[in-house]
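> Here you go, one structure.
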Amino acid sequence: MGRTLGIVLLNLHPTTPVAFVTLYRLAVSYFRTQEKHKTWRRVLTDASFRYISSSLKVNQMQDIMGTTLGVYQKWTRQNGLEVRVDELGDDARLLWFTERATEMVVLYIHGMSPTHV
């Protein structure tokens, strides 16, 4: 019954109040292994963000959350780190979290699976 109920509630009409959706997620979080370790506040935050953002377009999400570069710059300042950005051209950048070193680099290309690299 839990699975059927979960599937039905995940396909709710977009006008369903966010309070209902988040309270449902909080109620079932105790039974879901991927959410058991989360605090009730985290479950509610995740559920409401997921619900609200599911109807937004990419440009609307960027208006709310900021661009990758903007978020990176804000994060480095908050953590007392130096902003290290290498411009690659064509609006592509390398954002460094440590000293520039080529021994270990994680290259993340949004929207591409590892088989495309």
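> Hey, does region 33-48 have a residue that's in contact (Cβ under 8 Å) with a residue 24 or more places away in the chain and under 30 Å from ALA19 (Cα atoms)?
Among the residues of region 33-48, at least one is in contact (Cβ under 8 Å) with a residue 24 or more places away in the chain and under 30 Å from ALA19 (Cα atoms), which makes the answer yes.
> Would you point out which residue out of ALA47, ALA101 is loosely packed, with under 10 Cβ neighbours inside 10 Å and either among the hydrophobic types (A, V, I, L, M, F, W, C) or touching a Lys or Arg at 6+ places or on another chain (Cβ under 9 Å) (or both)?
ALA101
> Another one. Of all the residues that make up region 55-70, how many are free of Cβ contacts under 8 Å to residues at least 40 places away in the same chain and either assigned to a loop (DSSP other than H, G, I, E, B) or of a type in the set (Asp, Glu) (or both)?
Of the residues in region 55-70, 5 are free of Cβ contacts under 8 Å to residues at least 40 places away in the same chain and either assigned to a loop (DSSP other than H, G, I, E, B) or of a type in the set (Asp, Glu) (or both).
> Taking the stated definitions as given, is THR102 part of a loop (DSSP other than H, G, I, E, B), hydroxyl-bearing (Ser, Thr, Tyr), farther than 25 Å from GLU35 by Cβ and outside the structural domain of ALA19 (by TED's automatic domain parsing)?
Considered against the rule, which asks whether it is part of a loop (DSSP other than H, G, I, E, B), hydroxyl-bearing (Ser, Thr, Tyr), farther than 25 Å from GLU35 by Cβ and outside the structural domain of ALA19 (by TED's automatic domain parsing), THR102 comes out as yes.
> Looking at region 51-98, which of the residues that are loosely packed, with under 11 Cβ neighbours inside 10 Å and of a type in the set (S, T, N, Q) is farthest from the chain's Cα centre (by Cα)?
Across region 51-98, the extreme among qualifying residues is THR98.
> Here is a follow-up. Go through region 10-31 residue by residue and tally those that are assigned to a helix (DSSP H, G or I), of a type in the set (S, T, N, Q) and either modelled with pLDDT under 80 or closer than 10 Å to TYR51 by Cα (or both).
Selection size over region 10-31: 1.
> Could you tell me which of the residues THR45, THR76 is modelled with pLDDT of 80 or more, not in a strand (DSSP E or B) and not assigned by TED's automatic domain parsing to the domain that holds TYR30?
THR76
> Moving on. Being charged (D, E, K, R) and in contact (Cβ under 8 Å) with a residue 24 or more places away in the chain is true for just one of ARG93, ARG77, ARG25. Which residue is that?
ARG93
> Can you say whether ARG93 is assigned to a helix (DSSP H, G or I), basic (Lys, Arg) and modelled with pLDDT of 85 or more, as far as the supplied structure shows?
Judged against the criteria, ARG93 is not a match.
> Applying the selection to region 20-67, what residues are touching a Ser or Thr at 6+ places or on another chain (Cβ under 6 Å) and of a type outside the set (D, E, K, R)?
Result: THR22, VAL43, LEU44, ALA47, SER48.
> Take the conditions touching a strand residue (DSSP E or B) at 6+ places or on another chain (Cβ under 9 Å), among the aromatic types (Phe, Trp, Tyr) and over 24 Å from ALA19 (Cα atoms) and apply them to TYR108. Does it pass?
No.
The values are calculated or read from the model by the stated rules, or taken from the named source; none is laboratory data. Keep in mind it's a predicted model, so treat the numbers as computed, not measured. FYI the Cβ positions are ideal-geometry reconstructions off the backbone, even for glycines, and counts take in every protein chain you see.
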